[in-house]
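*Asks:* Take this structure first; my questions come after.
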Amino acid sequence: MDLLRTIRVLTDPGRIRILRLLLNEELNVAELQEILGVGQSTLSMQLSQLKQADLVELRRQGTKSIYSASLPPDAESLVLQIIASAESEIPEISADDSAMAMVLSRRQDQLRSYFDELAGK
């Protein structure tokens, strides 16, 4: 782990917001865009920097790119401390939490609808 690179990556509020969300739930790019209200190119750049710092992992599911947090053990406490400290300084955090709850609720509804449709056949 490159400690200075990790700290440098976490100086951006947008990357902190992304990582904070991914610590709670795996999310695809479209979900992250909806929650954060940012463009795809901005989000891709932020995710790329987090991935290069080994703070997120990418897995493919069909055509979707699913991201999750992946903190190196030797940096975990530092990263969590930075995120916790930054929560009070980033005003968008509460909106992120509300938007994430809506996205996860819609995901659950879509899943339920899918299985209800299968059960009806």
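The values are calculated or read from the model by the stated rules, or taken from the named source; none is laboratory data. Source: prediction; values computed, not measured. When the accessible area is computed, the model is the full protein with side chains, heavy atoms only, and any ligands, DNA or RNA have been set aside. Shrake-Rupley method; radii C 1.70, N 1.55, O 1.52, S 1.80 Å.
*Asks:* Once you have the Kirkwood Rh of segment 1-44 from its Cα pairs, apply Stokes-Einstein at 10 °C and 1.306 mPa s and quote D in µm²/s. Don't skip to the answer; put the middle values down first.
*Replies:* On the way: Rh = 11.2 Å.
Translational diffusion coefficient: 141 µm²/s.
*Asks:* Sequence-distant or interchain residues sharing an amide H contact under 5 Å with Ser70, placed H: which?
*Replies:* Those lying under 5 Å, H to H, from Ser70 are Val56, Glu57.
*Asks:* What accessible area per residue comes out for the chain, rounded to a whole number of Å², with a 1.4 Å probe?
*Replies:* Details: 7320 Å² over 121 residues.
I get 60 Å² per residue for the chain.
*Asks:* Just from the alpha-carbon atoms, what are the Rg and Dmax of the chain in angstroms?
*Replies:* 15.7, 56
*Asks:* Once segment 36-75 is represented by equal point scatterers at the alpha-carbon sites, with solvent omitted, what log10 I(q)/I(0) does the Debye formula produce at q = 0.19, 0.20, 0.34 Å⁻¹?
*Replies:* Summing over Cα pairs of segment 36-75 leads to -0.61, -0.66, -1.12.
*Asks:* Considering only protein heavy atoms, with the full assembly of protein chains and a 1.4 angstrom probe, order Glu89, Glu26 by accessible area, largest first. All intermediate terms of the calculation are to be shown ahead of the outcome.
*Replies:* Working: Glu89 145, Glu26 70 Å².
The residues order as Glu89, Glu26, largest area first.
*Asks:* Give the long-range amide H neighbours of Ser65: residues separated by 5 or more places, or on another chain, with amide H under 5 Å away, using H modelled in the peptide plane at 1.01 Å from N.
*Replies:* Residues meeting the amide H criterion: Val29.
*Asks:* Quick check on the chain: helices-only [θ] at 222 nm, where DSSP H runs of length 4 and up contribute -39,500 (n - 2.57) each and the sum goes over total residues. Nearest 500, please.
*Replies:* Working: 6 runs with 79 residues, N = 121.
Mean residue ellipticity, 222 nm, calculated: -21000 deg cm²/dmol.
*Asks:* Whole-Hz ³J(HN,Hα) for each residue in segment 47-56, computed from phi via Karplus 6.51 cos²θ - 1.76 cosθ + 1.60 with θ = phi - 60°, x for glycine and proline: what do you get?
*Replies:* Couplings: 5, 4, 5, 5, 5, 4, 8, 6, 9, 9 Hz.
*Asks:* I need two numbers for segment 67-109: Rg to one decimal and Dmax as a whole number, Cα atoms only, in Å.
*Replies:* Considering segment 67-109 through its Cα atoms, Rg and Dmax are 13.4, 38 Å.
*Asks:* Ok, one more. Would you work out what percent of the accessible area of the chain, with all protein chains in place, is carbon or sulfur (probe 1.4 Å)? All intermediate terms of the calculation are to be shown ahead of the outcome.
*Replies:* Details: 3670 of 7320 Å².
The value for the chain is 50 percent carbon and sulfur by accessible area.
*Asks:* In nm, what is the difference between 0.36 nm times the number of residues separating Gln61 and Val29 and their Cα-Cα distance? Spell out each step's value before the answer.
*Replies:* Numbers: separation 32, 0.36 × 32 = 11.52 nm, distance 1.18 nm.
That pair, Gln61 and Val29, stretches by 10.3 nm at full extension.
*Asks:* Additional query: Mind pulling the angle between the C-alpha long axis of helix 76-87 and the longest principal axis of the chain? Nearest 10 degrees, somewhere in 0 to 90.
*Replies:* Long axis of 76-87 versus the principal axis of the chain: about 80 degrees.
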